[in-house]
1. ³J(HN,Hα) across segment 411-421 via Karplus (A = 6.51, B = -1.76, C = 1.60, θ = phi - 60°), whole Hz, x for Gly/Pro?
2. Based on DSSP H runs of at least 4 residues, each adding -39500 (n - 2.57), what is the mean residue ellipticity at 222 nm of the chain after dividing by all its residues, to the nearest 500 deg cm²/dmol?
3. For segment 242-259, what does the Karplus curve 6.51 cos²θ - 1.76 cosθ + 1.60, with θ = phi - 60°, yield as ³J(HN,Hα) per residue in whole Hz, taken in order and with x for Gly and Pro?
4. If you scale each eigenvalue of the Cα gyration tensor by 5 and take the root, what three semi-axes come out for the chain, rounded to whole angstrom and sorted largest first?
5. What are the extents of the Cα atoms of segment 100-358 along their three principal axes, listed from largest to smallest and rounded to whole Å?
6. Taking the Cβ of PHE89 as the center, what net charge do the other residues with Cβ under 12 Å away carry, scoring Lys and Arg +1 and Asp and Glu -1?
7. Summing Lys, Arg as +1 and Asp, Glu as -1, what charge do residues with Cβ under 12 Å from the Cβ of ALA143 carry, ALA143 excluded?
8. Within segment 59-130, list the GluC sites (Glu not before Pro) lying in a DSSP loop whose Cβ has at most 10 other Cβ atoms in a 10 Å radius.
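The values are calculated or read from the model by the stated rules, or taken from the named source; none is laboratory data. It should be emphasised that the depicted structure is a prediction, and the values quoted were computed from it without experimental measurement. Ideal geometry is used to build each Cβ from the backbone, glycine not excepted, and the neighbour counts take in all protein chains shown. Just so you know, the surface numbers come from the protein's heavy atoms only, side chains and all, with ligands and any DNA or RNA stripped out. Shrake-Rupley method; radii C 1.70, N 1.55, O 1.52, S 1.80 Å.
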Amino acid sequence: MGHINLQNEMMEQLKTKELMEQAKTYAYDYIENLPYMDVSPSCEALENLLKFEEKMPEESASPSEILFMLHKYGSKATVAKSGAKYFGFVNGGVIPVALATKWLTDIWDQNSGLYIMSPIASKLEEVCEKWLVDLFGLQKGTAAGFVSGSSVATICAVTAARNKLLFNQGYDVHSKGLFGAPKIRVVVGEDAHSSVWKALSMLGIGRDMVEVVPTDDQGRMIIGKLPPLDSKTLVIAQAGNVTGGAFDSIEEICTLANQASAWVHVDGAFGLWAAVSGKRKYLTKGLEKADSWSVDAHKTLNAPFDCGVVLCKDRDSLVSAMQASGSYLQYSDHRDGMLYVPELSKRARSVELWAVIKYLGKVGIEKLVDDLCDNAEYFAEKLTEQGFHVENNVVFNQIVVKCENSEITSATLKNIQASRKCWCSGALWQNEPAIRISICSWQTTQKDIDDCVNIFVACRRLATPVIM
Ligand SMILES: Cc1ncc(COP(=O)(O)O)c(C=O)c1O
């Protein structure tokens, strides 16, 4: 009986659209407030999160009250990461047409696993694959899988590489499994991103098996220290160090690897986009000589979250690594998205990606990337003028900053975060605490940066007496 009531109720909700209108009003409110919001939530907003700690509800609740609760308490406990003064991690801003597209596709609620479940998602995966291959200058026919982010993209690529390297040794991991498999070698830089280590460990490649290449003061693999490569080796290079933004010398690594028939994967979560900038594509020189790549659209490209891509030169290797079968699965002559990724059910993230790329075009993407990087240079320059020490070569969108000593640096960062007016995260740089700034939103202007430099100065002033 209760079920019938709910069904009628939900039919009515769709008919009147009142809930959608309510959500729209709250969403517009959020957008209008965004420029005036503090970057991180107040203590009161965080305390109010206790309101969500309710017992598992027995009965159905009012949908309008559900939305109201989210608006009243939820929105205030968000981080204004799509605003102009958020520089944490490498969290991108969001381009309005992508946001609007996401809304629309949320209503579509498509499962992009199979063509038969969503012809439009399948078509736009196909189109985005071609566009990305063109943008990054990769070999025609390179395959793309659309995943939640670079962490998963790396898992997909390393699986493809591992299986192929084993297959080349006459070993079929699909039938025989990993236990008792012949050895493969994995070479990574000392500064590889944690997601690379996660992918390796998930795929049965333990830390002790990995050959770690020492890095220079920017976190780049020292080429002279690469071990001799062979056809059993996977090399994982980095386009964009998560802290300082440095790029491994992909050209040199790929040349050595190609001579030895080794597989090169490039973790380019945010840095791969350098390839679209005339001014900065020197950073990714040789990219097309690699075998696989991971990249996010939700970082540098400012697509909404949950928009990562794995690219693989050898389509069969990726498809065979992600294989799945079942009598109920109805494959088609078109693109079936699940063949390139671990998931079967997945949202139609390619639609937002398509919208961003179509909106910006090559010229707009280049401008977006260059603006982020130029702003990083400007920020670094202004901080230097104020006596901060910029520790990295600012080649992309990342800045690493220190104060007079570690205590002041840590206290300054704490004050910046507590100010809630702008937000940066910290990291260790040369084993000492540093403030890391990631310019990742299209919204940030030089005026915002000037304001933030003033905040930095005030926060350092506040920090200085602490150690006196
Ligand atoms: C270099 C690098 N690789 C991988 C990742 C992980 O990406 P995601 O958070 O999309 O899984 C990041 C995240 O910042 C990164 O900077």
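1. 5, 5, 4, 4, 5, 4, 5, 6, 5, 6, 8
2. Numbers: 14 runs with 192 residues, N = 468.
Taking each H run of at least 4 residues, the total per residue is -13000 deg cm²/dmol.
3. Once θ is set to phi - 60°, the couplings for segment 242-259 become 4, 9, x, x, 6, 10, 4, 7, 5, 4, 5, 5, 5, 4, 5, 5, 5, 4 Hz.
4. On the way: eigenvalues 258, 232, 82 Å².
Result for the chain: semi-axes of 36, 34, 20 Å.
5. On the principal axes, segment 100-358 reaches 52, 47, 28 Å in Cα extent.
6. On the way: positive: LYS81, LYS299, ARG436; negative: ASP296.
Local charge sum for PHE89: +2.
7. Details: positive: LYS130, LYS140, LYS313, ARG315, ARG335; negative: GLU125, GLU126, GLU129, ASP291, ASP314, ASP316.
Net charge around ALA143: -1.
8. Values: sites: GLU59, GLU65, GLU125, GLU126, GLU129; in loops: GLU59.
Loop-located and lightly packed - GLU59.
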